[in-house]
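For reference, the structure is listed below as structure tokens.
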Amino acid sequence: MSQAYENSVIRIFDSNGQTVGAGFLVADHLAVTCAHVVAAALGQRMTVEMPAAEMPLDFPLLAPGQILTARAALWDAEKDIAVLEIAGTLPSGAQPARLVQSSDLWQHDFRAFGFPQGLPNGVWASGRILGREAAGWYQIEDIKQTGYFVQPGFSGGAIWDDVLGGVVGLVVAVDTRPGVRAAFILPVAGVAETWPELHGQVTQVQPADSRAPAPGEPPYMGLRYFDTADAGLFYGRETLTRELAARLAGERFLAIV
């Protein structure tokens with residue numbers, strides 16, 4: 001399922017061809033990013049009024065260098081949201097990201113793709129999602145000793161929740177103080193408040209079934225351990241379980257290989 005995320009990532013340039021931020025496709029020819037990323041691409045200051053100029057972009061993980069243009073179709077400077085309408089033919093394979101929403105994201109692992117300074121081809125970052133703060137943003141943090149983390153250049157990019165199997169928000173702010181590896185994301189619910197048409201594309205996931213795999217996604221955890229939150233993955237062997245229990249009722253030892 002994460003392939004859908006990779007095929008939704010967009011890279012936004014300024015008029016000089018410099019990368020200024022990220023975004024992601026959410027519908028046919030429509031993408032979401034931060035308003036301040038659009039302002040940077042256009043060489044303008046952030047304003048309440050929606051800018052009308054076009055900006056270049058591409059799908060770097062799908063068709064790098066295939067430049068398209070887009071302009072803002074919806075603008076919310078207060079929430080730092082911009083919806084872009086992309087002109088022209090999208091590259092083959094481009095698809096909207098799977099958007100998910102849950103009331104409980106605590107300690108979920110995430111991945112993100114962004115373009116820090118000096119790395120215009122982009123890098124991956126990972127970490128974990130924490131709770132919400134007063135503005136409604138979710139705090140995320142890096143938990144690795146080495147590697148890349150969410151920093152300036154990831155703005156507007158999607159945060160893919162490895163537990164829910166979908167995008168749960170976009171990066172809107174980064175703490176740049178030395179020694180701090182934290183950032184903040186606006187959840188998809190916040191985007192949908194500005195753009196109500198998005199509600200129909202958001203999958204609601206309750207905490208109790210938050211580990212149920214998305215269609216086509218294998219329910220394997222790799223090297224991570226299963227926990228109570230993964231109860232949705234444990235099903236389908238009820239008959240075998242009953243047979244084993246019946247065997248144990250008459251035998252003191254049962255080896256399972």
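Just so it is clear, none of the values below were taken in a lab; they were calculated from the coordinates. Everything numeric here is computed off the predicted structure, so don't read it as measured data. Note: ideal-geometry Cβ built from the backbone for every residue, glycine included; neighbour counts use all protein chains shown.
Some points to look at:
- Under the shape rule built on the C-alpha gyration tensor, where the axes satisfy a ≥ b ≥ c, the stretch 1-104 is oblate, since a/c reaches at least 1.5 while a/b does not exceed b/c.
- In terms of overall dimensions, the stretch 82-198 has a Cα radius of gyration and Dmax of 14.4, 43 angstrom.
- In nm, spacing of pseudo-spin labels at Gln3 and Ser92 (7 Å Cα→C-beta vector): 1.4
- Estimated FRET transfer efficiency (Asp175, Gln201; beta-carbon r; R0 45 Å; 0.05): 0.90
- Gain on full extension, evaluated as 0.36 nm per residue between Arg132 and Val48 minus their Cα-Cα distance, stands at 27.7 nm.
- Note on Ala255/Gln139: beta-carbon distance plugged into 1/(1 + (r/R0)^6) with R0 of 41 Å gives a FRET efficiency of 0.30.
- With the simple model of a label 7 Å out from the Cα in the direction of the Cβ, Asp109 to Trp124 spans 1.1 nm.
- Placing +1 on each Lys and Arg Cβ and -1 on each Asp and Glu Cβ, with no other charges, gives the chain a dipole about its Cα centre of roughly 620 debye.
- Using alpha-carbon coordinates, inclination of helix 238-250 to the longest axis of the chain, degrees: 30
- Shape category assigned to the stretch 1-62 from the gyration tensor of Cα positions, a/c cut at 1.5: prolate
- Identified option (computed mean projected area of the Cα convex hull in nm²; candidates (1) 17.0; (2) 21.1; (3) 30.7): (1)
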